[in-house]
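In what follows, a structure is listed as structure tokens, so that the remarks can point back to it.
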Amino acid sequence: MPLLAERTSRAVPSAIMQVAEKAKALKAAGRDIISFSIGVPNFLPGQHVYDAAIAAVKADTGQYGSNRGPDALLDSYLLHLTRNGITGYERKNVVTGMGAKFVLFNAMYAFLNEGDEVVIPTPYWTSYVDIAHILGAKISLLTCGLAQDYKLTPAQLDAAIGPETKLFIFNNPSNPTGMVYTKAEVLALAEVLKRKPNCWILSDDIYNQMVFDSVGWHHLATLAPELRDRLLILDSVSKTYGMPGWRMGFMVGPEHVAKALVALNSNHLTSAPEVVNAAAAAALRGPQDIPAQKCAEFAIKRDEVLAAFAKVPGLICPRPQGAFYAFPDISFSFGKYYGQTLIDSDVAFCNQLLETKGVACVPGIAFGEPKSLRISYTCKSTELTEGLRRMVEFCHELSATAA
Ligand code: PLP
């Protein structure tokens, strides 16, 4: 029997998708399930996006497109960057692909030889580690615990990046914690990075339009332009425009890096479908009222989540100021019982919560932090309220001894 390549055996199914699938299966079996699991924005783009897609179908050339992406799409993305205060990039600095995950895979593939070190703050978005595993990279996880609001400190970064470190991944606002770095915090990290000239920096910005409390969104590219020759920006239309299923992502960085990723595209993707390109360009160029409105709604939902968690003694949740996640520490429950069942981990907590109350959350271990869980709160308001009520009830029903 011929064998698969060794790297293929290192590919694992996404832990988040597994929880989402389990919730779906229970729902299909007739259970009353509320899913806080998968990170989908749960809204649709504006009519102008569908109009652009329909126009693209009508004007279909039936041809292969550009490996980099069509000019209209590149220009629309550059416009989006400019709106965010990031100027100075041109078409030659941009490359597109089928979603940020695809572009991220390409970038990590482009940077990391087997054994190369990648530094990843923890809690992390699962795919950073999953992709690094597939590539056989050496993964250095920096634990950013509850006491530091799940944020990386300059001292940690300084100690972690050595002369051999190839890549540092920075995600702001963060999935899974919803934390947003202040201007001073980004500046302090930038100061460290300036002293680490051998290390690529990948800034995953896909929640850049979801920032609350007027804290602002601050970027290495603007606060430390001298980093730009090593800085890659990752983005997509998935979260901002309610378009995760359309699959369009972007990377902006040094010209030669974008060129290398275009060359990779020419060997697998060739080009994204014209319809998707047109829809994504319309989203980026068109009215920006839907993302703004959704951001305001998510801030209100975040408040509801925090208010519910405040009813549970011992449950601690640093205040998320972006994205659409909350990441409470649930370790107060470890060693307690739900009925006969001992809650001895985040996985046991989430399983029991799903089994007994029909609420699906992702155990923190999926993000490298086993004392927590992630809730994605973009569902309908009625579902959010009911799901939180059940979660609080579940926590109150935990007891020190088995029933
Ligand atoms: N980066 C982060 C932090 C994410 O949370 C996600 C999706 O959940 C992605 C990248 C990938 O987004 P997409 O491939 O849908 O563009």
Ile134, sole failed condition from (1) within 12 Å of the ligand (Cβ to nearest atom); (2) touching a residue at least 60 places away in the same chain (Cβ under 8 Å): (1)
Counted residues in the range 116-143 being in a loop (DSSP other than H, G, I, E, B) and under 16 Å from Leu189 (Cα atoms) come to 0
Does the range 87-108 contain any residue that is over 16 Å from Leu202 (Cβ atoms) and under 21 Å from the mean Cα position of the chain (by Cα)? yes
Those residues of the range 34-82 which are in a helix (DSSP H, G or I), surrounded by 13 or more Cβ atoms within 10 Å (Cβ to Cβ) and charged (D, E, K, R) amount to Asp51, Asp75
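Regarding Ala299, is this residue assigned by TED's automatic domain parsing to the domain that holds Ser376, at pLDDT 95 or above, farther than 30 Å from Ile54 by Cβ and away from the ligand (no atom under 15 Å from the Cβ)?
Answer is yes for this residue.
Conditions tested, residue by residue: (1) loosely packed, with under 15 Cβ neighbours inside 10 Å; (2) within 20 Å of the chain's Cα centre (by Cα); (3) of a type in the set (Val, Ile, Thr).
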| site | (1), (2), (3) |
| --- | --- |
| Ala283 | no, yes, no |
| Ile300 | yes, no, yes |
| Val305 | no, yes, yes |
| Ile330 | no, no, yes |
(1) surrounded by fewer than 20 Cβ atoms within 10 Å (Cβ to Cβ); (2) outside any strand (DSSP E or B); (3) touching a strand residue (DSSP E or B) at 6+ places or on another chain (Cβ under 6 Å): which one isn't true of Phe349, the others all being true? (1)
Verdict on Thr382 being free of Cβ contacts under 8 Å to residues at least 40 places away in the same chain and closer than 22 Å to Met210 by Cβ: yes
Among the residues of the range 113-126, is any among the charged types (D, E, K, R) and within 15 Å of the ligand (Cβ to nearest atom)? no
Regarding the range 35-50, can at least one residue be identified that is of a type in the set (Val, Ile, Thr) and closer than 30 Å to Gly136 by Cα? yes
Looking at Ala310, Ala292, Ala278, which one is surrounded by 18 or more Cβ atoms within 10 Å (Cβ to Cβ) and either more than 16 Å from the ligand (Cβ to nearest atom) or not β-branched (Val, Ile, Thr) (or both)? Ala278
Selection count where residues are surrounded by 18 or more Cβ atoms within 10 Å (Cβ to Cβ) and in a helix (DSSP H, G or I), scope the range 352-389: 10
Hits in the range 307-328 (condition: within 19 Å of the chain's Cα centre (by Cα) and among the basic types (Lys, Arg)): Arg319
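The values are calculated or read from the model by the stated rules, or taken from the named source; none is laboratory data. Remember, predicted model here, so these are calculated numbers, not experimental data. For neighbour counting, all protein chains shown are included, and Cβ atoms are generated from backbone atoms with ideal geometry for every residue, glycine included.
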